[in-house]
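> For reference, the structure I am asking about is given below.
The values are calculated or read from the model by the stated rules, or taken from the named source; none is laboratory data. Keep in mind that what you see is a predicted model, and the values were worked out from it rather than measured. Positions of Cβ are generated from backbone atoms using ideal geometry, with glycine treated the same way; all protein chains shown enter the neighbour counts.
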Amino acid sequence: MAHLPGSIDIAHEVDGGEDRGAVLLIHGLGSQLVDWDPAMVHRFVAAGYRVVRMDNRDAGESTHLHGKVALGELRRSVERGVAVDVPYRLGDMADDAVGVLDHLGVDAAHVIGVSMGGYIAQEMAISHPSRVRSLTSIMSSTGAKDVGQPSAEGNRALFRAPAADPAEAVADMLEARRILATPGAFDEASERVRIRRAVLRSFDPAGTGRQLAAIWAGGDRSMALGRLEVPALVIHGDQDHLVDMSGGVATAATIPLSRLEIIEGMGHDLPPLFWGQIVGTIVEHLDAAECLPLPDTRIVPANPNDAATYAELCRRAFAPDAERYGSGPPGLDDPEVQRDILTRGHCHGVEMGGRLVGGLYMFPHDDGRWYLGTIFIDPDLHGRGLGSLLMAFARMGHPAVRGITLETPYRNPHLHTFYESHGYRKVGETTPGDHPEATDPDFRLFTYQQDFAV
(Lines give C-alpha, C1' and ligand atoms only; values in the text may rest on other atoms or scores of the structure.)
Protein backbone atom coordinates (compact mmCIF):
# COMPACT_ATOMS: atom_id res chain seq x y z
CA MET A 1 0.00 0.00 0.00
CA ALA A 2 1.34 3.43 -0.97
CA HIS A 3 0.45 6.13 1.61
CA LEU A 4 0.15 9.45 -0.22
CA PRO A 5 -0.51 13.06 0.85
CA GLY A 6 -4.10 13.96 1.53
CA SER A 7 -4.82 10.69 3.36
CA ILE A 8 -4.96 8.76 0.09
CA ASP A 9 -3.78 5.15 0.09
CA ILE A 10 -3.23 3.41 -3.24
CA ALA A 11 -3.22 -0.38 -3.34
CA HIS A 12 -0.87 -1.96 -5.86
CA GLU A 13 0.82 -5.22 -6.79
CA VAL A 14 4.14 -5.90 -8.51
CA ASP A 15 5.01 -8.82 -10.80
CA GLY A 16 8.36 -9.64 -12.38
CA GLY A 17 11.94 -8.66 -11.81
CA GLU A 18 14.31 -5.96 -12.96
CA ASP A 19 15.44 -7.20 -16.41
CA ARG A 20 13.89 -4.27 -18.25
CA GLY A 21 12.03 -1.15 -17.16
CA ALA A 22 8.87 -0.89 -15.07
CA VAL A 23 5.43 -0.97 -16.66
CA LEU A 24 2.55 0.74 -14.85
CA LEU A 25 -0.92 -0.57 -15.75
CA ILE A 26 -3.85 1.77 -15.05
CA HIS A 27 -7.36 0.40 -15.51
CA GLY A 28 -10.64 2.09 -16.37
CA LEU A 29 -13.85 3.32 -14.79
CA GLY A 30 -14.77 1.32 -11.70
CA SER A 31 -12.18 -1.34 -12.52
CA GLN A 32 -9.62 -2.80 -10.15
CA LEU A 33 -6.12 -4.20 -10.43
CA VAL A 34 -7.61 -7.72 -10.34
CA ASP A 35 -9.41 -6.94 -13.60
CA TRP A 36 -6.09 -7.32 -15.43
CA ASP A 37 -5.98 -10.96 -16.54
CA PRO A 38 -2.97 -12.60 -14.81
CA ALA A 39 -2.07 -14.42 -18.02
CA MET A 40 -1.87 -11.12 -19.92
CA VAL A 41 0.26 -9.61 -17.14
CA HIS A 42 2.58 -12.62 -17.32
CA ARG A 43 3.18 -11.97 -21.01
CA PHE A 44 4.77 -8.62 -20.14
CA VAL A 45 6.76 -10.27 -17.34
CA ALA A 46 7.96 -12.99 -19.74
CA ALA A 47 9.14 -10.24 -22.09
CA GLY A 48 11.42 -9.00 -19.31
CA TYR A 49 9.39 -6.18 -17.77
CA ARG A 50 8.48 -5.46 -14.15
CA VAL A 51 4.71 -4.90 -14.04
CA VAL A 52 2.95 -2.67 -11.51
CA ARG A 53 -0.84 -2.77 -11.24
CA MET A 54 -2.78 -0.30 -9.10
CA ASP A 55 -6.27 0.39 -7.81
CA ASN A 56 -7.31 3.94 -8.65
CA ARG A 57 -8.79 5.95 -5.80
CA ASP A 58 -12.44 5.01 -5.23
CA ALA A 59 -11.76 1.48 -6.52
CA GLY A 60 -10.58 -1.79 -5.07
CA GLU A 61 -8.59 -1.54 -1.85
CA SER A 62 -7.43 2.04 -2.39
CA THR A 63 -8.98 4.93 -0.44
CA HIS A 64 -12.68 5.49 -1.08
CA LEU A 65 -13.98 9.01 -0.62
CA HIS A 66 -17.50 9.93 0.49
CA GLY A 67 -20.57 11.58 -0.95
CA LYS A 68 -22.57 11.10 -4.13
CA VAL A 69 -22.20 13.30 -7.20
CA ALA A 70 -25.32 14.57 -8.98
CA LEU A 71 -24.15 13.22 -12.33
CA GLY A 72 -27.11 14.46 -14.36
CA GLU A 73 -26.66 18.03 -13.19
CA LEU A 74 -22.90 17.78 -13.60
CA ARG A 75 -23.19 16.54 -17.17
CA ARG A 76 -25.57 19.35 -18.14
CA SER A 77 -23.17 21.92 -16.66
CA VAL A 78 -20.22 20.45 -18.55
CA GLU A 79 -22.19 20.46 -21.81
CA ARG A 80 -22.99 24.17 -21.27
CA GLY A 81 -19.34 24.93 -20.57
CA VAL A 82 -20.02 25.92 -16.97
CA ALA A 83 -17.20 25.47 -14.45
CA VAL A 84 -17.92 22.52 -12.18
CA ASP A 85 -16.81 21.49 -8.73
CA VAL A 86 -15.98 17.78 -8.37
CA PRO A 87 -14.41 15.71 -5.56
CA TYR A 88 -11.20 15.33 -7.57
CA ARG A 89 -9.91 15.47 -11.12
CA LEU A 90 -7.98 13.25 -13.49
CA GLY A 91 -4.83 15.18 -12.56
CA ASP A 92 -5.26 14.07 -8.95
CA MET A 93 -5.52 10.46 -10.11
CA ALA A 94 -2.35 10.95 -12.17
CA ASP A 95 -0.65 12.27 -9.03
CA ASP A 96 -1.74 9.06 -7.27
CA ALA A 97 0.00 7.01 -9.96
CA VAL A 98 3.19 9.05 -9.57
CA GLY A 99 2.93 8.47 -5.83
CA VAL A 100 2.97 4.72 -6.43
CA LEU A 101 6.16 5.09 -8.48
CA ASP A 102 7.68 7.16 -5.65
CA HIS A 103 6.72 4.48 -3.14
CA LEU A 104 8.42 1.81 -5.26
CA GLY A 105 11.50 3.91 -6.00
CA VAL A 106 10.81 3.95 -9.75
CA ASP A 107 12.15 7.05 -11.49
CA ALA A 108 10.13 6.56 -14.69
CA ALA A 109 7.80 3.89 -16.03
CA HIS A 110 6.19 2.80 -19.26
CA VAL A 111 2.60 3.86 -18.54
CA ILE A 112 -0.24 1.84 -20.08
CA GLY A 113 -3.79 3.06 -19.54
CA VAL A 114 -7.07 1.52 -20.63
CA SER A 115 -10.20 3.67 -21.13
CA MET A 116 -10.29 6.05 -18.12
CA GLY A 117 -6.82 4.69 -17.35
CA GLY A 118 -5.74 6.09 -20.72
CA TYR A 119 -6.98 9.54 -19.69
CA ILE A 120 -5.02 9.24 -16.44
CA ALA A 121 -1.93 8.09 -18.32
CA GLN A 122 -2.22 11.08 -20.65
CA GLU A 123 -2.53 13.44 -17.67
CA MET A 124 0.52 11.80 -16.15
CA ALA A 125 2.55 12.42 -19.31
CA ILE A 126 1.34 16.04 -19.42
CA SER A 127 1.93 16.91 -15.76
CA HIS A 128 4.86 14.59 -14.96
CA PRO A 129 6.72 14.05 -18.28
CA SER A 130 9.97 13.00 -16.59
CA ARG A 131 8.15 10.09 -14.93
CA VAL A 132 6.80 8.61 -18.17
CA ARG A 133 9.29 6.67 -20.27
CA SER A 134 6.61 5.82 -22.82
CA LEU A 135 2.83 6.22 -23.08
CA THR A 136 0.33 3.63 -24.30
CA SER A 137 -3.27 4.88 -24.53
CA ILE A 138 -5.82 2.11 -25.17
CA MET A 139 -9.49 2.73 -26.08
CA SER A 140 -9.22 6.32 -24.82
CA SER A 141 -9.66 9.83 -26.21
CA THR A 142 -8.44 13.41 -25.93
CA GLY A 143 -11.36 14.78 -23.95
CA ALA A 144 -12.58 16.82 -26.94
CA LYS A 145 -16.37 16.77 -27.25
CA ASP A 146 -16.43 16.02 -30.97
CA VAL A 147 -14.53 12.71 -30.79
CA GLY A 148 -14.65 9.50 -28.76
CA GLN A 149 -18.31 9.78 -27.82
CA PRO A 150 -20.33 6.65 -26.91
CA SER A 151 -22.88 5.15 -29.26
CA ALA A 152 -26.46 4.49 -28.19
CA GLU A 153 -25.35 1.03 -27.02
CA GLY A 154 -22.46 2.58 -25.12
CA ASN A 155 -24.77 5.01 -23.36
CA ARG A 156 -27.06 2.12 -22.46
CA ALA A 157 -24.15 0.28 -20.83
CA LEU A 158 -22.80 3.38 -19.07
CA PHE A 159 -25.99 4.94 -17.75
CA ARG A 160 -27.50 2.05 -15.86
CA ALA A 161 -29.15 2.66 -12.49
CA PRO A 162 -26.66 1.78 -9.72
CA ALA A 163 -27.17 -1.70 -8.29
CA ALA A 164 -28.66 -1.83 -4.81
CA ASP A 165 -26.48 -4.70 -3.60
CA PRO A 166 -23.45 -6.78 -4.71
CA ALA A 167 -25.56 -9.66 -6.05
CA GLU A 168 -27.52 -7.30 -8.31
CA ALA A 169 -24.26 -5.59 -9.30
CA VAL A 170 -22.86 -8.82 -10.76
CA ALA A 171 -25.81 -9.19 -13.11
CA ASP A 172 -25.76 -5.51 -14.09
CA MET A 173 -22.02 -5.42 -14.74
CA LEU A 174 -22.22 -8.64 -16.73
CA GLU A 175 -24.87 -7.14 -18.99
CA ALA A 176 -22.88 -3.91 -19.42
CA ARG A 177 -19.77 -5.82 -20.40
CA ARG A 178 -21.78 -7.95 -22.81
CA ILE A 179 -22.98 -4.78 -24.57
CA LEU A 180 -19.45 -3.37 -24.84
CA ALA A 181 -17.60 -6.61 -25.61
CA THR A 182 -15.91 -7.56 -28.85
CA PRO A 183 -18.60 -9.12 -31.08
CA GLY A 184 -18.44 -12.91 -30.91
CA ALA A 185 -15.75 -12.97 -28.21
CA PHE A 186 -17.75 -12.51 -24.99
CA ASP A 187 -16.99 -15.31 -22.51
CA GLU A 188 -19.90 -15.07 -20.07
CA ALA A 189 -18.65 -17.73 -17.64
CA SER A 190 -15.18 -16.19 -17.29
CA GLU A 191 -16.57 -12.66 -17.01
CA ARG A 192 -19.02 -13.73 -14.31
CA VAL A 193 -16.17 -15.21 -12.25
CA ARG A 194 -14.06 -12.08 -12.78
CA ILE A 195 -16.90 -9.73 -11.79
CA ARG A 196 -17.80 -11.73 -8.70
CA ARG A 197 -14.20 -11.65 -7.53
CA ALA A 198 -14.00 -7.90 -8.03
CA VAL A 199 -17.36 -7.18 -6.35
CA LEU A 200 -16.42 -9.26 -3.31
CA ARG A 201 -13.18 -7.29 -3.10
CA SER A 202 -14.85 -3.89 -3.40
CA PHE A 203 -18.38 -2.65 -4.10
CA ASP A 204 -18.86 1.13 -4.26
CA PRO A 205 -21.21 2.49 -6.97
CA ALA A 206 -20.84 6.02 -5.56
CA GLY A 207 -17.08 5.75 -6.00
CA THR A 208 -17.55 4.90 -9.67
CA GLY A 209 -19.77 7.98 -9.93
CA ARG A 210 -17.00 10.15 -8.50
CA GLN A 211 -14.56 8.72 -11.06
CA LEU A 212 -17.03 9.48 -13.85
CA ALA A 213 -17.30 13.04 -12.56
CA ALA A 214 -13.52 13.36 -12.85
CA ILE A 215 -13.69 12.21 -16.47
CA TRP A 216 -16.44 14.68 -17.41
CA ALA A 217 -14.67 17.55 -15.66
CA GLY A 218 -11.40 16.72 -17.40
CA GLY A 219 -11.89 18.96 -20.38
CA ASP A 220 -10.05 18.84 -23.70
CA ARG A 221 -6.40 17.77 -23.40
CA SER A 222 -5.61 18.24 -27.10
CA MET A 223 -3.36 21.30 -26.78
CA ALA A 224 -1.36 19.79 -23.92
CA LEU A 225 -1.07 16.44 -25.73
CA GLY A 226 0.27 18.27 -28.75
CA ARG A 227 3.25 19.44 -26.68
CA LEU A 228 4.26 15.97 -25.48
CA GLU A 229 7.70 14.65 -26.35
CA VAL A 230 7.18 11.15 -24.99
CA PRO A 231 6.94 8.20 -27.44
CA ALA A 232 3.28 7.18 -27.57
CA LEU A 233 1.31 4.20 -28.82
CA VAL A 234 -2.45 4.49 -29.34
CA ILE A 235 -4.53 1.30 -29.60
CA HIS A 236 -8.25 1.27 -30.40
CA GLY A 237 -10.85 -1.20 -31.64
CA ASP A 238 -13.10 -0.28 -34.53
CA GLN A 239 -16.12 -1.83 -32.76
CA ASP A 240 -15.81 0.24 -29.56
CA HIS A 241 -19.26 1.46 -28.44
CA LEU A 242 -18.16 3.26 -25.28
CA VAL A 243 -15.28 5.36 -26.65
CA ASP A 244 -15.71 5.72 -30.39
CA MET A 245 -12.65 4.94 -32.50
CA SER A 246 -12.48 8.62 -33.47
CA GLY A 247 -11.11 9.24 -29.97
CA GLY A 248 -8.11 7.04 -30.60
CA VAL A 249 -7.55 8.49 -34.07
CA ALA A 250 -7.62 12.02 -32.63
CA THR A 251 -5.24 11.07 -29.81
CA ALA A 252 -2.67 9.69 -32.25
CA ALA A 253 -3.08 12.69 -34.57
CA THR A 254 -2.50 15.06 -31.65
CA ILE A 255 0.57 13.53 -29.99
CA PRO A 256 3.68 14.22 -32.12
CA LEU A 257 5.68 11.03 -31.42
CA SER A 258 2.80 8.59 -31.72
CA ARG A 259 1.81 5.44 -33.55
CA LEU A 260 -1.80 4.36 -34.14
CA GLU A 261 -2.85 0.69 -34.08
CA ILE A 262 -6.49 0.05 -35.03
CA ILE A 263 -7.64 -3.48 -34.20
CA GLU A 264 -10.39 -4.65 -36.52
CA GLY A 265 -13.31 -6.24 -34.74
CA MET A 266 -12.31 -5.25 -31.18
CA GLY A 267 -14.84 -3.65 -28.85
CA HIS A 268 -14.32 -1.94 -25.50
CA ASP A 269 -12.48 -4.85 -23.90
CA LEU A 270 -9.25 -6.84 -24.12
CA PRO A 271 -10.28 -10.33 -25.26
CA PRO A 272 -7.58 -13.04 -25.49
CA LEU A 273 -8.35 -13.23 -29.20
CA PHE A 274 -6.29 -10.05 -29.67
CA TRP A 275 -3.61 -10.49 -27.00
CA GLY A 276 -0.96 -11.50 -29.52
CA GLN A 277 -1.49 -8.32 -31.53
CA ILE A 278 -1.93 -6.05 -28.50
CA VAL A 279 0.94 -7.34 -26.37
CA GLY A 280 3.22 -7.79 -29.38
CA THR A 281 2.68 -4.18 -30.49
CA ILE A 282 3.16 -2.84 -26.96
CA VAL A 283 6.35 -4.84 -26.33
CA GLU A 284 7.83 -3.50 -29.58
CA HIS A 285 6.90 0.00 -28.42
CA LEU A 286 8.45 -0.52 -24.97
CA ASP A 287 11.63 -2.03 -26.40
CA ALA A 288 12.08 0.92 -28.76
CA ALA A 289 11.58 3.42 -25.93
CA GLU A 290 13.81 1.51 -23.51
CA CYS A 291 16.90 1.55 -25.78
CA LEU A 292 18.75 -0.85 -23.45
CA PRO A 293 20.48 -4.16 -24.18
CA LEU A 294 17.98 -6.99 -24.32
CA PRO A 295 17.96 -9.46 -21.43
CA ASP A 296 19.66 -12.76 -22.22
CA THR A 297 16.45 -14.80 -22.32
CA ARG A 298 12.83 -13.72 -22.66
CA ILE A 299 9.55 -14.81 -24.26
CA VAL A 300 7.83 -12.48 -26.75
CA PRO A 301 4.69 -12.65 -28.92
CA ALA A 302 5.58 -14.13 -32.30
CA ASN A 303 5.71 -11.65 -35.17
CA PRO A 304 4.36 -12.96 -38.53
CA ASN A 305 7.17 -11.03 -40.25
CA ASP A 306 9.57 -13.54 -38.65
CA ALA A 307 7.84 -16.49 -40.35
CA ALA A 308 10.95 -17.47 -42.34
CA THR A 309 13.07 -17.54 -39.18
CA TYR A 310 10.54 -19.71 -37.37
CA ALA A 311 10.34 -22.04 -40.39
CA GLU A 312 14.11 -22.53 -40.41
CA LEU A 313 14.15 -23.11 -36.65
CA CYS A 314 11.45 -25.76 -37.02
CA ARG A 315 13.29 -27.40 -39.90
CA ARG A 316 16.42 -27.77 -37.77
CA ALA A 317 14.58 -28.69 -34.59
CA PHE A 318 12.53 -31.44 -36.24
CA ALA A 319 15.25 -32.77 -38.56
CA PRO A 320 15.78 -35.85 -36.32
CA ASP A 321 12.05 -36.66 -36.58
CA ALA A 322 12.17 -36.32 -40.36
CA GLU A 323 15.10 -38.74 -40.49
CA ARG A 324 13.58 -41.20 -38.02
CA TYR A 325 9.97 -41.26 -39.25
CA GLY A 326 10.08 -39.78 -42.73
CA SER A 327 8.55 -36.45 -41.73
CA GLY A 328 8.26 -33.92 -38.95
CA PRO A 329 5.22 -31.80 -38.10
CA PRO A 330 3.65 -31.05 -41.49
CA GLY A 331 4.28 -27.65 -43.01
CA LEU A 332 6.26 -26.06 -40.18
CA ASP A 333 9.32 -25.69 -42.41
CA ASP A 334 7.24 -23.63 -44.88
CA PRO A 335 7.34 -19.84 -44.25
CA GLU A 336 3.84 -19.34 -45.69
CA VAL A 337 2.38 -22.01 -43.40
CA GLN A 338 4.23 -20.41 -40.51
CA ARG A 339 2.87 -16.97 -41.36
CA ASP A 340 -0.68 -18.32 -41.36
CA ILE A 341 -0.16 -20.01 -37.96
CA LEU A 342 1.46 -16.93 -36.43
CA THR A 343 -1.45 -14.71 -37.41
CA ARG A 344 -4.15 -16.89 -35.81
CA GLY A 345 -2.61 -18.72 -32.86
CA HIS A 346 -1.29 -17.86 -29.41
CA CYS A 347 2.27 -18.14 -30.67
CA HIS A 348 5.37 -16.99 -28.81
CA GLY A 349 9.08 -17.03 -29.49
CA VAL A 350 11.94 -17.37 -27.05
CA GLU A 351 14.85 -14.98 -27.55
CA MET A 352 18.42 -15.07 -26.29
CA GLY A 353 20.22 -11.77 -26.64
CA GLY A 354 17.61 -10.56 -29.11
CA ARG A 355 17.93 -13.65 -31.37
CA LEU A 356 14.99 -16.01 -31.89
CA VAL A 357 16.00 -19.50 -30.73
CA GLY A 358 12.69 -21.33 -30.27
CA GLY A 359 8.95 -21.13 -30.00
CA LEU A 360 5.71 -22.32 -28.43
CA TYR A 361 2.42 -22.50 -30.33
CA MET A 362 -0.78 -22.87 -28.30
CA PHE A 363 -4.40 -23.16 -29.45
CA PRO A 364 -7.51 -22.73 -27.26
CA HIS A 365 -10.21 -25.35 -26.88
CA ASP A 366 -13.50 -25.20 -25.03
CA ASP A 367 -13.86 -24.84 -21.27
CA GLY A 368 -10.37 -23.58 -20.58
CA ARG A 369 -8.51 -26.50 -22.16
CA TRP A 370 -5.58 -25.71 -24.44
CA TYR A 371 -3.73 -27.70 -27.08
CA LEU A 372 0.04 -27.33 -27.21
CA GLY A 373 0.58 -27.45 -30.96
CA THR A 374 4.37 -27.46 -30.91
CA ILE A 375 7.39 -26.51 -28.87
CA PHE A 376 10.82 -26.25 -30.48
CA ILE A 377 14.31 -25.10 -29.56
CA ASP A 378 17.44 -24.49 -31.64
CA PRO A 379 19.25 -27.87 -31.43
CA ASP A 380 22.50 -26.07 -30.56
CA LEU A 381 20.88 -24.76 -27.37
CA HIS A 382 19.41 -27.93 -25.93
CA GLY A 383 20.11 -28.43 -22.23
CA ARG A 384 19.86 -24.71 -21.39
CA GLY A 385 16.45 -24.94 -19.68
CA LEU A 386 14.64 -23.14 -22.53
CA GLY A 387 12.12 -25.95 -22.94
CA SER A 388 11.21 -25.83 -19.26
CA LEU A 389 10.86 -22.04 -19.51
CA LEU A 390 8.36 -22.43 -22.35
CA MET A 391 6.44 -25.18 -20.56
CA ALA A 392 5.97 -22.92 -17.55
CA PHE A 393 4.83 -20.11 -19.86
CA ALA A 394 2.33 -22.46 -21.53
CA ARG A 395 0.34 -22.48 -18.31
CA MET A 396 1.02 -19.01 -16.90
CA GLY A 397 0.81 -16.98 -20.11
CA HIS A 398 -2.59 -18.19 -21.31
CA PRO A 399 -6.05 -17.34 -19.97
CA ALA A 400 -8.07 -19.67 -17.74
CA VAL A 401 -5.90 -22.73 -18.31
CA ARG A 402 -7.71 -25.75 -16.88
CA GLY A 403 -5.62 -28.28 -18.76
CA ILE A 404 -3.15 -28.76 -21.61
CA THR A 405 -3.06 -31.58 -24.15
CA LEU A 406 -0.18 -32.33 -26.51
CA GLU A 407 0.97 -35.01 -28.92
CA THR A 408 4.50 -36.31 -29.37
CA PRO A 409 6.11 -39.05 -31.54
CA TYR A 410 6.00 -42.56 -30.11
CA ARG A 411 9.72 -43.36 -30.43
CA ASN A 412 11.20 -40.44 -28.52
CA PRO A 413 11.85 -41.42 -24.87
CA HIS A 414 13.75 -38.18 -24.23
CA LEU A 415 10.63 -36.10 -24.94
CA HIS A 416 8.41 -38.51 -23.02
CA THR A 417 10.62 -38.09 -19.96
CA PHE A 418 10.67 -34.33 -20.46
CA TYR A 419 6.87 -34.04 -20.49
CA GLU A 420 6.43 -36.46 -17.60
CA SER A 421 8.94 -34.46 -15.55
CA HIS A 422 6.63 -31.45 -16.01
CA GLY A 423 3.59 -33.30 -14.69
CA TYR A 424 2.08 -34.65 -17.92
CA ARG A 425 0.75 -38.19 -18.23
CA LYS A 426 0.15 -40.37 -21.27
CA VAL A 427 -3.59 -40.75 -21.92
CA GLY A 428 -3.69 -42.33 -25.39
CA GLU A 429 -2.11 -42.80 -28.80
CA THR A 430 -3.08 -42.61 -32.45
CA THR A 431 -3.36 -45.60 -34.77
CA PRO A 432 -0.28 -46.59 -36.84
CA GLY A 433 -0.80 -45.72 -40.48
CA ASP A 434 -3.00 -42.68 -39.80
CA HIS A 435 -0.15 -40.40 -40.82
CA PRO A 436 0.39 -40.82 -44.59
CA GLU A 437 3.51 -38.61 -44.71
CA ALA A 438 5.42 -40.91 -42.33
CA THR A 439 7.53 -43.67 -43.90
CA ASP A 440 7.73 -45.57 -40.61
CA PRO A 441 4.76 -48.01 -40.71
CA ASP A 442 4.62 -48.11 -36.92
CA PHE A 443 4.57 -44.33 -36.56
CA ARG A 444 1.99 -42.99 -34.12
CA LEU A 445 1.59 -40.09 -31.74
CA PHE A 446 1.34 -40.42 -27.97
CA THR A 447 -1.15 -38.07 -26.34
CA TYR A 448 -0.09 -36.44 -23.08
CA GLN A 449 -2.29 -34.39 -20.80
CA GLN A 450 -2.15 -32.36 -17.60
CA ASP A 451 -5.04 -30.85 -15.65
CA PHE A 452 -4.72 -27.80 -13.41
CA ALA A 453 -6.77 -26.65 -10.45
CA VAL A 454 -8.32 -23.25 -11.24
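> Take the stretch 45-78 and flag every residue that is among the small types (Gly, Ala, Ser) and touching a residue at least 24 places away in the same chain (Cβ under 8 Å). Outline the logic, then answer.
At the first step, the residues of the stretch 45-78 found to be among the small types (Gly, Ala, Ser) are 46-48, 59-60, 62, 67, 70, 72, 77.
46, 47, 48, 59, 60, 62, 67 - these are the residues of the stretch 45-78 that are among the small types (Gly, Ala, Ser) and touching a residue at least 24 places away in the same chain (Cβ under 8 Å).
> Right, next: Could you say which residue among 320, 330 is assigned to a loop (DSSP other than H, G, I, E, B) and either over 30 Å from residue 385 (Cβ atoms) or not assigned by TED's automatic domain parsing to the domain that holds residue 46 (or both)? So that I can check it myself, show each step before the final result.
Values: 320 fails: assigned to a loop (DSSP other than H, G, I, E, B).
Residue meeting the stated conditions: 330.
> Could you please give the count of residues in the stretch 402-454 that are modelled with pLDDT of 90 or more, assigned to a loop (DSSP other than H, G, I, E, B) and either buried (at least 17 other Cβ atoms within 10 Å of the Cβ) or of a type in the set (S, T, N, Q) (or both)?
Residues in the stretch 402-454 being modelled with pLDDT of 90 or more, assigned to a loop (DSSP other than H, G, I, E, B) and either buried (at least 17 other Cβ atoms within 10 Å of the Cβ) or of a type in the set (S, T, N, Q) (or both): 1 in total.
> Are there any pairs, at least 6 apart or on different chains, whose C-beta atoms fall under 9 Å, with the first in the stretch 426-439 and more than 24 Å from residue 404 (Cα to Cα) and the second small (Gly, Ala, Ser) and surrounded by 12 or more Cβ atoms within 10 Å (Cβ to Cβ), and if so, which?
Close Cβ pairs satisfying both conditions: 437/326; 437/327; 438/326; 438/327; 439/326; 439/327.
> Considering only the stretch 258-278, state which residues are in contact with a Pro (Cβ under 6 Å, 6 or more places away or on another chain) and surrounded by fewer than 21 Cβ atoms within 10 Å (Cβ to Cβ).
First, pick out the residues of the stretch 258-278 that are in contact with a Pro (Cβ under 6 Å, 6 or more places away or on another chain): 272, 276.
Hit for the stretch 258-278 is 272, nothing else.
> Among residues belonging to the stretch 333-355 that are assigned to a strand (DSSP E or B) and either in the same structural domain as residue 273 (by TED's automatic domain parsing) or over 22 Å from the mean Cα position of the chain (by Cα) (or both), point out the one that is nearest to residue 309 (Cα to Cα).
Taking the stretch 333-355 first, the residues assigned to a strand (DSSP E or B) are 346-352, 355.
Retained after the next criterion (residues that are either in the same structural domain as residue 273 (by TED's automatic domain parsing) or over 22 Å from the mean Cα position of the chain (by Cα) (or both)): 352, 355.
Details: 352: 14, 355: 10 Å.
In this case the residue turns out to be 355.
> Taking only the stretch 1-29 into account, find how many residues are small (Gly, Ala, Ser), surrounded by fewer than 24 Cβ atoms within 10 Å (Cβ to Cβ) and assigned to a loop (DSSP other than H, G, I, E, B).
So the first thing to find is which residues in the stretch 1-29 are small (Gly, Ala, Ser), and the list is 2, 6-7, 11, 16-17, 21-22, 28.
Applying the additional criterion that residues be surrounded by fewer than 24 Cβ atoms within 10 Å (Cβ to Cβ) yields 2, 6-7, 11, 16-17, 21-22.
From what is left, the residues that are assigned to a loop (DSSP other than H, G, I, E, B) are 6-7, 11, 16-17, 21.
Residues that pass the stated criteria total 6.
> Can you report the number of residues in the stretch 181-207 which are buried (at least 17 other Cβ atoms within 10 Å of the Cβ) and of a type in the set (Ser, Thr, Tyr)?
Total satisfying the criteria: 2.
> Continuing with the same structure: Within the stretch 368-388, count every residue that is out of contact with any Gly (no Cβ under 9 Å at 6 or more places or on another chain) and of a type outside the set (Lys, Arg).
Here is the first cut: in the stretch 368-388, the ones out of contact with any Gly (no Cβ under 9 Å at 6 or more places or on another chain) are 371-372, 379-380, 382-385, 388.
Still in the list and also of a type outside the set (Lys, Arg): 371-372, 379-380, 382-383, 385, 388.
Residues flagged as out of contact with any Gly (no Cβ under 9 Å at 6 or more places or on another chain) and of a type outside the set (Lys, Arg) within the stretch 368-388 amount to 8.
> From the list 24, 65, which residue is of a type in the set (A, V, I, L, M, F, W, C) and more than 21 Å from residue 278 (Cα to Cα)? So that I can check it myself, show each step before the final result.
Numbers: 24 fails: more than 21 Å from residue 278 (Cα to Cα).
Every option except 65 fails the conditions.
> Here is a follow-up. Can you tell me which residues in the stretch 266-293 are in a loop (DSSP other than H, G, I, E, B) and either in contact with a helix residue (DSSP H, G or I) (Cβ under 8 Å, 6 or more places away or on another chain) or more than 26 Å from residue 368 (Cβ to Cβ) (or both)? Walk me through how you get there before you give the answer.
We begin by selecting, within the stretch 266-293, every residue in a loop (DSSP other than H, G, I, E, B); these are 266-271, 291-293.
Result: 266, 267, 268, 269, 270, 291, 292, 293.
> Related question: Checking residue 81 against (1) under 28 Å from residue 48 (Cβ atoms); (2) without any contact (Cβ under 8 Å) to a residue 40 or more places away in the chain, which single condition isn't satisfied?
With respect to (1) under 28 Å from residue 48 (Cβ atoms); (2) without any contact (Cβ under 8 Å) to a residue 40 or more places away in the chain, residue 81 is out only on (1).
> Just give me the residues in the stretch 64-85 being at positive phi and surrounded by 15 or more Cβ atoms within 10 Å (Cβ to Cβ), in sequence order. Full working, then the answer.
Residues of the stretch 64-85 that are at positive phi, as a first pass: 67, 81.
The answer is none; no residue qualifies.
> Another question, then. Which one of these is out of contact with any strand residue (DSSP E or B) (no Cβ under 6 Å at 6 or more places or on another chain) and surrounded by 13 or more Cβ atoms within 10 Å (Cβ to Cβ): 157, 152, 161?
On the way: 152 fails: surrounded by 13 or more Cβ atoms within 10 Å (Cβ to Cβ); 161 fails: surrounded by 13 or more Cβ atoms within 10 Å (Cβ to Cβ).
Only one candidate qualifies: 157.
> So residue 296 ticks every box in (1) over 30 Å from residue 142 (Cβ atoms); (2) among the acidic types (Asp, Glu); (3) under 22 Å from the mean Cα position of the chain (by Cα) but one. Which box is left unticked?
Every condition holds for residue 296 apart from (3).
> Has the stretch 218-230 got at least one residue that is without any contact (Cβ under 8 Å) to a residue 40 or more places away in the chain and in contact with a Ser or Thr (Cβ under 7 Å, 6 or more places away or on another chain)?
Yes, that holds for at least one residue.
> In the stretch 338-368, what residues are modelled with pLDDT of 90 or more, surrounded by fewer than 17 Cβ atoms within 10 Å (Cβ to Cβ) and over 25 Å from residue 263 (Cβ atoms)?
355
> Of everything in the stretch 215-240, what is among the small types (Gly, Ala, Ser), over 19 Å from residue 176 (Cα atoms) and touching a Gly at 6+ places or on another chain (Cβ under 9 Å)? Give them in sequence order. Working first, answer last.
Just the residues of the stretch 215-240 that are among the small types (Gly, Ala, Ser), to begin with: 217-219, 222, 224, 226, 232, 237.
Narrowing further to those that are over 19 Å from residue 176 (Cα atoms): 217-219, 222, 224, 226, 232.
Answer for the stretch 215-240, where residues must be among the small types (Gly, Ala, Ser), over 19 Å from residue 176 (Cα atoms) and touching a Gly at 6+ places or on another chain (Cβ under 9 Å): 218, 219, 222.
> Can you say whether residue 358 is among the small types (Gly, Ala, Ser), out of contact with any Cys (no Cβ under 8 Å at 6 or more places or on another chain), in contact (Cβ under 8 Å) with a residue 24 or more places away in the chain and not assigned by TED's automatic domain parsing to the domain that holds residue 186, as far as the supplied structure shows?
yes
> I've got another one for you. Can you tell me how many residues in the stretch 203-214 are closer than 22 Å to residue 178 by Cβ and hydrophobic (A, V, I, L, M, F, W, C)?
Number satisfying all stated conditions: 2.
> So which residues in the stretch 241-290 are under 17 Å from residue 140 (Cα atoms), more than 17 Å from the chain's Cα centre (by Cα) and among the acidic types (Asp, Glu)?
Within the stretch 241-290, just 244 meets the criteria.
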